[in-house]
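The block underneath contains the structure these notes are about, expressed in structure tokens.
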Amino acid sequence: MPLATAEDVAARIGRPVLADEQPRINAFLRDVTGLIEDYCGRDMDRRTNQPITLYAEGGCVLPVPARYQTFLTVAGVLEFGQPVTDYTFNGRELVRELGWGESAVTLTASWGYEVVPDSLTALACSEVIRWLALTPGVGRERVGEVEVEFSAPSSAQTLSPATRTSLTPYRRSRLGSLTLRREGPSLSVRWPS
């Protein structure tokens, strides 16, 4: 489901959306929603009771990918097709004292915003309005040897730099830290003097 509706766009352009504009606006709203979700690295729209398949590699901790962590609630867990109830969920990972086998684990979960934040609706509408404003016209003109090239409408549907900047609070962190710990004897790599 898109982050905004055609009615949201109409409210911002100050006139009703014409019947022949409706399919184009709806397509643009789906496009901008996909671009925003891809840019932010997470699902913004609410998904309810959807399956998520994770692949456990043994151990007690089963991490959930960050894409699904926006207001994630887990309704059920299956391992080897059997319900699992002896786990805890801390918002980012499933922890099970007995450990997870080396198998596929299927979650039934809901994630994403229940109500789309107003700032995301505004950003989606502003991008659609910007794309609607792009009209065909002369893209390049040359006088010597007369050359004219026409551009197509909405030829470059990308997020504007202003929108990318505004999406910073919603963007999933791309950086992290990894703690390495050596187990076993310490080796000295000094050269003899």
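The values are calculated or read from the model by the stated rules, or taken from the named source; none is laboratory data. Note that the coordinates shown come from a computational prediction; the quantities given were computed from them, not determined experimentally. Note that each Cβ is placed from the backbone with ideal geometry, even for glycine, and that neighbours are counted across all protein chains shown. Only protein heavy atoms, including side chains, enter the accessible area calculation; ligands, DNA and RNA are left aside. Shrake-Rupley method; radii C 1.70, N 1.55, O 1.52, S 1.80 Å.
Quick check, is residue 77 farther than 30 Å from residue 171 by Cβ, of a type in the set (Val, Ile, Thr) and modelled with pLDDT of 90 or more?
No: the conditions fail for residue 77.
Need pairs with beta-carbon distance below 6 Å; first residue of a type in the set (Phe, Trp, Tyr) and within segment 92-104, second open to solvent by less than 40 Å² (accessible area, probe 1.4 Å); sequence gap 6+ or separate chains.
Note: pairs meeting the criteria are 100/56; 100/62.
Quick check on my filter: what residues within segment 48-64 are touching a strand residue (DSSP E or B) at 6+ places or on another chain (Cβ under 9 Å) and modelled with pLDDT under 90?
The one that is touching a strand residue (DSSP E or B) at 6+ places or on another chain (Cβ under 9 Å) and modelled with pLDDT under 90: 56.
Which of the residues spanning segment 126-153 are assigned to a loop (DSSP other than H, G, I, E, B), of a type outside the set (D, E, K, R) and at pLDDT 70 or above?
Within segment 126-153, 134, 143, 144, 146 qualify.
Could you give me the residue pairs with C-beta distances under 7 Å whose first residue belongs to segment 25-41 and is closer than 18 Å to residue 169 by Cβ, whose second residue is of a type in the set (Val, Ile, Thr) wherever it lies, and which are 6+ apart or on separate chains?
Qualifying pairs under 7 Å: 32/128.
Checking the conditions here, which among 77, 32 is buried (at least 19 other Cβ atoms within 10 Å of the Cβ) and in contact with a helix residue (DSSP H, G or I) (Cβ under 9 Å, 6 or more places away or on another chain)?
Numbers: 77 fails: in contact with a helix residue (DSSP H, G or I) (Cβ under 9 Å, 6 or more places away or on another chain).
After applying the criteria, what remains is 32.
Please verify whether residue 56 is among the hydrophobic types (A, V, I, L, M, F, W, C) and within 30 Å of residue 161 (Cβ to Cβ), treating the condition exactly as stated.
Judged against the criteria, residue 56 is not a match.
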